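Participant: One structure, pasted below without further comment.
The values are calculated or read from the model by the stated rules, or taken from the named source; none is laboratory data. Treat the numbers as computed from the prediction; the structure is a model and nothing was measured. As a convention, Cβ positions derive from the backbone with ideal geometry for all residues, glycine included, and neighbour counts pool all protein chains shown.
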Amino acid sequence: MSQAPSDRRSQWVPRPRPQWLQQMNDEGRALDLRGVVPLDEESLLHTAAQNTGLEDFGEEDWREPFRILLRSIDEEANLNLMGRLYTRSDLLIHLEGRLRVIDWYKRNPQVEDEVIEAPVFVTGLPRSGTTIMQEILGADPGSRTVKMWEAKYPCPPPKADDPAPDPRIARAEALTALQDHITPEWASMHKVGGDLPVECIEFTYSSFVSDAFSASFQVPTYSAYVANRDAGDAFRWHRRILKLLQSAWRPERWLLKGPTHIPHLPTLFETYPDARIVLMLRDPVKALASVVDVCGTLFWMRSDDPFSGDSYGHFLSADPVVANLEQMIAWIEDGVIPGDRIQPVRYLDFFADPASEIRKLYSGLDLPLTAEAERSMLSYIDEKPKGKFGEHDYETGEESRIAEDRGKFKHFQDYFRIPDEL
């Protein structure tokens, strides 16, 4: 990839790997990795069917993106030994999950009749506070989030009164812990866990139209394909998973999160016409610097050449990020998306006075705010451990780079009155 000198990716430096992992990957260079850890369609589909005893993958809309993904991995990802093992494991989880979801609907056709009513989505630029906001709002007993274990293993859908803990939590926890073992710095960037809430892209994996793949390894061909493809298939799969989960446990409201929804807000509202949006707003220059470090670390988990391509580039470089934000503003101004159901939340304002901001947010979204819910959310903020997993320390760039990016984001910051943090 040819990167401009001002592109933050061009100067990103990975942290040293744990010694055990470095040695493993070094030894792996002597192996025929494609032969030892196959990532071809036939092998993956055969193994997924064998593991589940199922063969019906459902509608054919997933096959083209799946094949483009595999070709992009093969030609562009440059996976090391751990990366290849990790990727085969992930792909099998997604394929097996798809088989089980299709089978569950066939055996329980009434699930299709479920209606997802007025879901709340937290969105905004990556690293703008969407995760902590989902956690805080999720402390409201009336809100239900999708947990990592439910995203990976949705069948059978859990009931509210199921015995706890569900054994699937431990399975998901073991997989998410692997990230911390491979890159110990990851825990300070974005804590994940088997029983923690996840972004929407985590349960659209099995549609094979997901930005999560683009942020996992260098697949620029696939990344460009997803960025330019109609997101309808991914949102239909999104709704299918929510219906399945809701069929066993109907919440007062769904609380969802996805920074990658920004370029697809019209499709989100087509899928969920009564959706409500919490739009997190934080200094975009600071957010961009942070997301480059996060994605570099994700790529480094699987490859020795983390920024060899432009995978996920529409969220990593200032120009396409600005274009997406300007498009969102135009959609609001032109009425393409309903501005009255989008509630802006400035990160710094929120944490300066959380009680007042929570009341304003609930009022703006026309949501009932009980005294119990308010106490629960404020208690969560008070008890949230500061720096429990370490502080995310990353390079923000030289003053000239910050000034260049600042100029590009000026209209967005002025429009939403977002203060500088750098």
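Participant: What are the residues in segment 245-292 that are more than 27 Å from LYS408 (Cα to Cα) and β-branched (Val, Ile, Thr), if any? Step through it out loud before you land on a result.
Facilitator: The first filter runs over segment 245-292 and keeps only residues more than 27 Å from LYS408 (Cα to Cα), leaving 245-256, 269-276.
Correct list: THR271 only.
Participant: Any idea which residue in segment 150-174 is farthest from GLN246 (Cα to Cα), counting only those that are of a type in the set (A, V, I, L, M, F, W, C) and free of Cβ contacts under 8 Å to residues at least 60 places away in the same chain? Before the answer, list the steps.
Facilitator: Taking segment 150-174 and keeping what is of a type in the set (A, V, I, L, M, F, W, C), we get 151, 155, 160, 164, 169-170, 172, 174.
Filter once more, keeping what is free of Cβ contacts under 8 Å to residues at least 60 places away in the same chain: 164, 169-170, 172, 174.
Details: ALA164: 18, ILE169: 18, ALA170: 22, ALA172: 20, ALA174: 26 Å.
Result: ALA174.
Participant: Tally the residues that are among the hydroxyl-bearing types (Ser, Thr, Tyr) and farther than 20 Å from GLN327 by Cβ, restricting the search to segment 253-312. First the steps, then the outcome.
Facilitator: Of the residues in segment 253-312, the ones among the hydroxyl-bearing types (Ser, Thr, Tyr) are 260, 267, 271-272, 290, 297, 303, 308, 311-312.
Narrowing the set further to residues that are farther than 20 Å from GLN327 by Cβ leaves 290, 297, 303, 308, 311.
Total meeting the criteria: 5.
Participant: Search segment 127-147 for residues being surrounded by 23 or more Cβ atoms within 10 Å (Cβ to Cβ) and in contact with a Ser or Thr (Cβ under 8 Å, 6 or more places away or on another chain), and hand back the single one that is farthest from LYS191 (Cα to Cα).
Facilitator: Residue satisfying both the conditions and the ranking: ASP140.
Participant: Have a look at PHE299, PHE269 and point out the one that is hydrophobic (A, V, I, L, M, F, W, C) and under 30 Å from GLU117 (Cβ atoms).
Facilitator: PHE269
Participant: Additional query: Do the conditions hold for GLN246, that is, is it of a type outside the set (A, V, I, L, M) and within 22 Å of GLU135 (Cα to Cα)? Write out each step before concluding.
Facilitator: Numbers: of a type outside the set (A, V, I, L, M): yes; within 22 Å of GLU135 (Cα to Cα): yes.
Against the criterion (of a type outside the set (A, V, I, L, M) and within 22 Å of GLU135 (Cα to Cα)), GLN246 qualifies.
Participant: Another question about this same structure. So how many residues does segment 157-180 have that are of a type outside the set (D, E, K, R), within 20 Å of the chain's Cα centre (by Cα) and either part of a loop (DSSP other than H, G, I, E, B) or more than 27 Å from ASN108 (Cβ to Cβ) (or both)? Explain how you work it out, then say what you get.
Facilitator: First, pick out the residues of segment 157-180 that are of a type outside the set (D, E, K, R): 157-158, 160, 163-165, 167, 169-170, 172, 174-179.
Restricting the remaining residues to those that are within 20 Å of the chain's Cα centre (by Cα) gives 169, 172, 174-179.
Next cut, either part of a loop (DSSP other than H, G, I, E, B) or more than 27 Å from ASN108 (Cβ to Cβ) (or both) only: 174, 176-179.
Qualifying residue count, segment 157-180: 5.
Participant: For segment 95-141, how many residues are at pLDDT 95 or above, over 21 Å from ARG253 (Cα atoms) and either under 14 Å from the mean Cα position of the chain (by Cα) or small (Gly, Ala, Ser) (or both)?
Facilitator: 1
Participant: Sticking with this structure for a sec: Going through segment 142-165 one residue at a time, which ones are touching a strand residue (DSSP E or B) at 6+ places or on another chain (Cβ under 6 Å) and among the β-branched types (Val, Ile, Thr)?
Facilitator: Passing the criteria: only THR145.
Participant: All but one of (1) without any contact (Cβ under 8 Å) to a residue 40 or more places away in the chain; (2) farther than 27 Å from GLU270 by Cβ; (3) buried (at least 23 other Cβ atoms within 10 Å of the Cβ) hold for THR204, so report the exception by its number.
Facilitator: Only one criterion is unmet by THR204, namely (2).
Participant: Could you tell me whether THR221 is among the polar types (S, T, N, Q), assigned to a helix (DSSP H, G or I) and more than 17 Å from the chain's Cα centre (by Cα)?
Facilitator: Details: among the polar types (S, T, N, Q): yes; assigned to a helix (DSSP H, G or I): yes; more than 17 Å from the chain's Cα centre (by Cα): yes.
Taking the combined requirement at face value, the residue satisfies it.
Participant: Restricting attention to segment 207-228, which residues are small (Gly, Ala, Ser) and touching a helix residue (DSSP H, G or I) at 6+ places or on another chain (Cβ under 7 Å)? Break it down into steps so the answer makes sense when it comes.
Facilitator: Step one: of segment 207-228, the residues small (Gly, Ala, Ser) are 207, 210, 212, 214-216, 223-224, 227.
Correct list: SER207, SER210, ALA212, SER214, ALA215, SER216, SER223, ALA227.
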